[in-house]
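Derivation of every value follows stated rules applied to the coordinates shown; laboratory data play no part. Treat the numbers as computed from the prediction; the structure is a model and nothing was measured. A quick note on method: Cβ atoms are made from the backbone with ideal geometry, for glycine too, and the neighbour counts reach across all protein chains shown.
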Amino acid sequence: MSRTTAPQAVAKDKKTAKKGNKIRLVVSFVMLIYFVWTVTAQQVEIWNGKKQLKAINVQVAIEQTLQEELQLKKELVNTPEYMEQLARTQLGYARPDEIVFFDATSKN
């Protein structure tokens with residue numbers, strides 16, 4: 001009887017080993033899929049973040065340029081040359097010794 005039970009036990013151990021190998025394979029495959037999914041999702045987030053950062057950097061550069069232009073205008077506002085230009089263009093003033101000519105053919 002021990003002869004017949006030994007081969008049956010060996011066969012049973014082989015079936016259990018095959019089931020264990022299949023389970024390990026399935027678990028490994030699921031873990032691999034999860035890893036690939038996680039890495040891909042992170043790469044997409046990184047790409048979106050870089051895209052947003054680039055847009056923000058462009059906006060910052062535009063705002064810095066505007067700030068520099070405004071700073072230059074601020075420095076010019078109180079100069080006599082600017083006041084004279086403003087009086088001539090906006091108010092239509094001229095110096096007392098100047099003669100102002102207007103173009104009658106222009107539509108303005």
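What to note about this one:
- Rounded to 10°, Cα long-axis angle of helix 2-76 versus longest principal axis of the chain: 0 degrees
- Cα→Cβ-extended label distance, 7 Å offset, between L66 and Y82, nm: 1.9 nm
- Net charge in the neighbourhood of E84 (other residues with Cβ under 15 Å of its Cβ; Lys, Arg +1, Asp, Glu -1) is -1.
- Here the calculated FRET efficiency for D13 and Q52, from their Cβ-Cβ distance with R0 = 41 Å, stands at 0.10, rounded to the nearest 0.05.
- Spin-label pair T89/K22, simplified geometry with 7 Å Cα→Cβ offset, distance in nm: 8.6 nm
- Between the helical axis of 80-89 and the longest alpha-carbon principal axis of the chain there is an angle of about 80 degrees.
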